[in-house]
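The values are calculated or read from the model by the stated rules, or taken from the named source; none is laboratory data. In this text the structure is predicted, and so the values were computed from the model without any measurement. Quick reminder, even Gly has a Cβ in these numbers, built from the backbone with ideal geometry, and neighbours come from all protein chains shown.
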Amino acid sequence: MTTNLPSYPHLLSPLDFGFVTLANRVIMGSMHTGLEDITSGTHRLAAFYRERARGEVGLIITGGFAPNQEGRGAPVGGTFTTDADVKHHAAITQAVHEEGGKIALQILHTGRYGYHSEVVSASDLQSPIGLFKPRPLSQQDIHRTIEDFARCAELARQAGYDGVEVMGSEGYLINQFLVRRTNRRTDDWGGSLENRMRFPLAIVRRIRERVGRDFLLIFRLSMLDLVEDGGTFPEAIGLAQALEREGVDILNTGIGWHEARIPTIAMMVPRGAFCWVTAAMKPHVSIPLVATNRLNTPEEAEAILARKDADLVSMARPLLADPHFVVKAKQGRSHRINTCIACNEACLDAVFEGKITSCLVNPLACNETEWPVTLADDPRHIAVVGAGPAGLSFAIMAAQRGHRITLFDEQPEIGGQLNMAKIVEGKEEFYETLRYFRNEIEQLPIELVLGQTVDAPRLLAGRFDEIVLASGVLPRMPSIEGIDHPKVLTYVDVLLHQKPVGNRVAILGAGGIGIDVATFLTTPKNLQDSPLQAYYAEWGIDRSLSKPGGLGDRSRFHWPTPPREVTLLKRSRGKIGAGLGKTTAWIHRLIMRHRQVTVLDQVRYDGIDDFGLHLTDKDGETRCLEVDHVVVCAGQEPRLELCGALKQAGVRCTLIGGAANARNLNAVIAIQQGTWLASLI
């Protein structure tokens, strides 16, 4: 008799601590959702974490809750300080435990990163990304804060949590005590490493005294700060060993401060780019270590564990994207995992804007109570025109609810504009989204009709109960003399149709699409030979772990000569990529600088001819850019010809995605609209 062993034996193996056993090695890492900060948040958090527990993740770690008012992240930031809070949190732990899951509360004191006037820190040094100068904690304040951490942990145990994670990385308060960059104290809490370690060790010691031994105590340790005057790796080893002696059960890996100018979790960061840091710590401690950052498939996680680089893997956004990640891997259905693409657009960017987190590829995340998905009372036959992100998300959700779908697209493959995004260096994760969509279509009652242009008579002949138009957009062509010149191309010509482009290029429009085109045109052909090494070199990461903060010598790195000279132009004033999210816009600007892309703002386009692009610059001077091609990335217009034909025939249809609003179109809006409509129809 042959036994079918699991495909991921290391990932799915249990981890026994004696007093508690984790069913597998997957941790849902802490991620602030915004629900921690609102009145109705407890109910929604309970539903959110219940769904992840139902998906059989080994351990959930909540978003951060402050142990006192000074530690909150915002004026109304979530705290866990009173007996009343215990009652609210009990609903969360009960929901998780009812599904057989385990959950730990993250205790997070933001220190100088707080967005309120009461911020505190080790010293009075304001963060470069902060709004307020912090007040240094006095000796009395420090002892009170230590007690606040312990009290928070004790309350968490009373609320039914299985443990706590102490946030000691990413540049928050504990991290601010640990490094000379932010700790300029001359008392017992500053100066030597022994003194700088005193604060975290006192917190851990006091927590263990209050909660006992049979309660998970996790410490998130910054192993690579990626800032100047950051900690050294030997210092991290020393702290890790001291934390183990104080009774910490698990050490979680922290990579980079929020103020670091190195991308660590964005889409352009190669997968598993920091597992080597955890592996370097492994010989120095005997307690379990957690690998983090840009891990989004079970195959990668299994490989890390099999190599013994770590004992567990942390995935925050991947569990946002697909709450059933673990169960699908366990059942041999990893091909149906809705993979996190690390875009940050609906999660981290939303948090920085004071909104509730969700997910580009899974808009139901954090909306479990707002968008309850049930089987349709009246199943219908629905025609969907357009297999871009809006049409795909609608078709799949509607089919899951029991509707019969016929999905049309004139292109030979699904994806719409995602097929352009996926070929841009750093955006290859969109291949995963398309793989997910294709596999769902195969499993659902969806008839897929590709490579055919559908018209109104065909739709009428199909006798559909509903018609949904997700017909997408066309490039908007600005009114410029010579816009029809042969050297003018659109972003569709370049990215989708792969038309030849010369060595000197002007790009009209410096938004997200313009930056994508500039990235595509300046990517060296041999870059993908070693994307990891190129990433470390470009961003100055010290692989030897010999430099403070883990920063290498960037002056020694020379980006390969770009294959083209590119000028990125915009009519408005200000930075390029103004509409991009806060967590990624700065990265794209630095990439343009690395690739020697010339940026011109406040220009007027005077004409295009055989000589090139004629313009007037912001100083009022006229000149000609002698370019081989001009690529237009100046916005989009909805494709509404089919909508007009249906209206003339007296047929009602519903518009979603770019067909509904091309001006503010992005994948977040498109997928959200498709999902929302399908949940109602």
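Of the residues in the stretch 435-457, at least one is closer than 18 Å to Ala321 by Cβ and either without any contact (Cβ under 8 Å) to a residue 40 or more places away in the chain or assigned by TED's automatic domain parsing to the domain that holds Ser334 (or both). Take Ser192 and decide whether it is surrounded by fewer than 17 Cβ atoms within 10 Å (Cβ to Cβ) and of a type in the set (Gly, Ala, Ser). Yes, satisfied.
I'd like the full set of residues that are outside any helix (DSSP H, G or I) and in contact with a Cys (Cβ under 9 Å, 6 or more places away or on another chain), limited to the stretch 38-72.
Across the stretch 38-72, the qualifying residues are Phe65, Ala66, Pro67, Asn68.
Each residue in the stretch 643-681 was checked for being touching a strand residue (DSSP E or B) at 6+ places or on another chain (Cβ under 6 Å), among the aliphatic types (A, V, I, L, M) and either surrounded by fewer than 21 Cβ atoms within 10 Å (Cβ to Cβ) or more than 19 Å from Leu474 (Cβ to Cβ) (or both), and 2 of them qualify.
The criterion of at least 3 residues that are modelled with pLDDT of 95 or more is met, among helices (runs of 4 or more DSSP H) falling completely within the stretch 290-360, by 298-306, 317-321, 325-330.
To keep it simple, each residue is scored yes or no on (1) on the phi < 0 side of the Ramachandran plot; (2) of a type outside the set (S, T, N, Q); (3) not in a strand (DSSP E or B).
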| site | (1), (2), (3) |
| --- | --- |
| Val468 | yes, yes, no |
| Pro478 | yes, yes, yes |
| Glu481 | yes, yes, yes |
| Asp484 | yes, yes, yes |
| Leu489 | yes, yes, no |
| Val492 | yes, yes, yes |
| Gln498 | no, no, yes |
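If you check Arg184 against the conditions, is it surrounded by fewer than 19 Cβ atoms within 10 Å (Cβ to Cβ) and under 29 Å from Ala53 (Cα atoms)? Answer is no for this residue. Taking the listed residues Ile203, Ile142, the one that is closer than 25 Å to Asp83 by Cα, over 32 Å from the mean Cα position of the chain (by Cα) and either modelled with pLDDT of 95 or more or basic (Lys, Arg) (or both) is Ile142, with no other qualifying.
Among the residues making up the stretch 565-588, those that are more than 26 Å from the chain's Cα centre (by Cα) and either outside any loop (DSSP other than H, G, I, E, B) or buried (at least 19 other Cβ atoms within 10 Å of the Cβ) (or both) are Glu565, Val566, Thr567, Leu568, Leu569, Lys570.
Conditions (1) over 20 Å from the mean Cα position of the chain (by Cα); (2) more than 22 Å from Glu428 (Cβ to Cβ); (3) among the small types (Gly, Ala, Ser); (4) surrounded by 22 or more Cβ atoms within 10 Å (Cβ to Cβ), marked per residue:
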| residue | (1), (2), (3), (4) |
| --- | --- |
| Thr292 | no, no, no, yes |
| Glu300 | no, no, no, no |
| Arg307 | yes, yes, no, no |
| His324 | no, yes, no, no |
| Ala329 | yes, no, yes, yes |
| Glu353 | no, yes, no, no |
| Val361 | no, no, no, yes |
| Cys366 | no, yes, no, yes |
| Trp371 | yes, yes, no, no |
